[in-house]
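S.K.: One structure, as structure tokens, below. Some questions next.
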Amino acid sequence: MRFIETQLKGCFILEPKIINDERGYFMESFNAKTFQEGIGQNVTFVQDNQSFSTRGVLRGLHYQCGEHAQAKLVRVLQGEVLDVAVDLRPESETFGQYEAVLLSSENQKQFFVPRGFAHGFLVLSETATFFYKCDNFYNKESEGGLIYNDETLKINWDFPSQDLIISEKDQVLPNLQNAKKVW
């Protein structure tokens, strides 16, 4: 597994070693020891989540606050998404900046998003199955979110806005200036 730290300290793109032969392929998608050494942190995942979505579905940008903050290790089992993490750590040099990564069943990349980040994704393929591990349990009262088209963030979703499919809940999320603080 290759670990590539992004411009946002603590966010990593993971590229697995894939062994191909005439039968198909094999890869190790997760190994706790390798993962912790690769990111330089001790992270223990406690919850796995999976979603299925169609082309144009944008989920996010979501996060958990305070003691319920979550780190996530995300991947695509089928299809292709644009995955986005926004740094919300108030003390960070990259506060308010984002990283976008193309994740697909073809490239098998994974994206580690540490605590203190908002996270969302846009489905680019006809359908996508999205899978992620969390290091903390979900807590409804600790939910936070940012509107996907915040003028301050200037996220380039590179997708026609009229074709986006966004939940009612996500359409009324606040901008960065008015969002809940992560801690």
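The numbers here are math on the coordinates, done by the rules we state, and not lab data. Just so it is clear, the model here is predicted, and its values are computed rather than measured. Here the Cβ positions follow ideal geometry from the backbone for every residue, glycine too, while neighbour counts run over all protein chains shown.
S.K.: Quick one: dipole size for region 1-107, taken about the Cα centre, charges +1 on Lys/Arg Cβ and -1 on Asp/Glu Cβ, in debye to the nearest 20. Write down the numbers at each step before the final one.
M.R.: Values: 10 positive and 15 negative charges, 36 e Å.
Approximately 180 debye in magnitude.
S.K.: In addition: Nearest 500 deg cm²/dmol is fine: what mean residue ellipticity at 222 nm does the chain get from its DSSP H runs of n ≥ 4 alone, each adding -39,500 (n - 2.57), divided by its residue count? Intermediate results must be reported in sequence, preceding the final value.
M.R.: Working: 2 runs with 12 residues, N = 183.
The per-residue figure over the chain is -1500 deg cm²/dmol.
S.K.: Going through the cross-link list K33/K109; K17/K181; K33/K169; K9/K33, which pairs have a Cα-Cα distance over 28 Å in this structure?
M.R.: K17/K181; K33/K169
S.K.: Which residues make up the longest stretch of the chain that has no trypsin sites (Lys or Arg not before Pro) in a DSSP loop with at most 11 other Cβ atoms within 10 Å? Don't jump to the answer; show the numbers that get you there.
M.R.: Details: sites that count: K17, R23, K154, K181.
Between exposed loop sites, the widest span is 24-153.
S.K.: Please give the contour-minus-distance gain from E106 to K169: 0.36 nm per residue of separation, less the Cα-Cα distance, rounded to one decimal in nm. Could you put the intermediate results ahead of the total?
M.R.: Working: separation 63, 0.36 × 63 = 22.68 nm, distance 3.11 nm.
Separation in residues times 0.36 nm, less the Cα-Cα distance, equals 19.6 nm.
S.K.: Assign unit charges at the C-beta atoms only (+1 for Lys and Arg, -1 for Asp and Glu), then state the dipole size of region 45-178 relative to its Cα centre in Debye, rounded to the nearest 20. If you can, show how the numbers build up before the last one.
M.R.: Values: 11 positive and 19 negative charges, 52 e Å.
Dipole size: approximately 260 debye.
S.K.: Within the chain, what is the longest stretch that has no GluC sites (Glu not before Pro) placed in a DSSP loop and near at most 11 other beta-carbon atoms within 10 Å? Mind dumping the intermediate values first?
M.R.: On the way: sites that count: E22, E28, E91, E93, E106, E126, E151.
With a cap of 11 other Cβ atoms within 10 Å, the longest stretch comes to 29-90.
S.K.: Can you list which of the chymotrypsin sites (Phe, Trp or Tyr not before Pro) found in region 100-158 are DSSP loop residues with at most 11 other C-beta atoms within 10 Å?
M.R.: F137
S.K.: Show me the chymotrypsin sites (Phe, Trp or Tyr not before Pro) within region 52-106 that DSSP assigns to loop and that have at most 15 other Cβ atoms within 10 Å of their Cβ. If you can, show how the numbers build up before the last one.
M.R.: Values: sites: F52, Y63, F95, Y98; in loops: F95.
Passing both the DSSP loop test and the Cβ count: F95.
S.K.: Give me the orientation-averaged projected area of the Cα convex hull of the chain, in nm², one decimal.
M.R.: Working: hull surface 42.7 nm².
One quarter of the hull surface, i.e. the mean projection, equals 10.7 nm².
S.K.: Still on this model: Have a look at G96, L77, H62 and report the one farthest towards the positive end of the charge dipole of region 50-106, computed about the Cα centre with Cβ charges (Lys/Arg +1, Asp/Glu -1).
M.R.: Working it through, the farthest residue towards the positive pole turns out to be L77.
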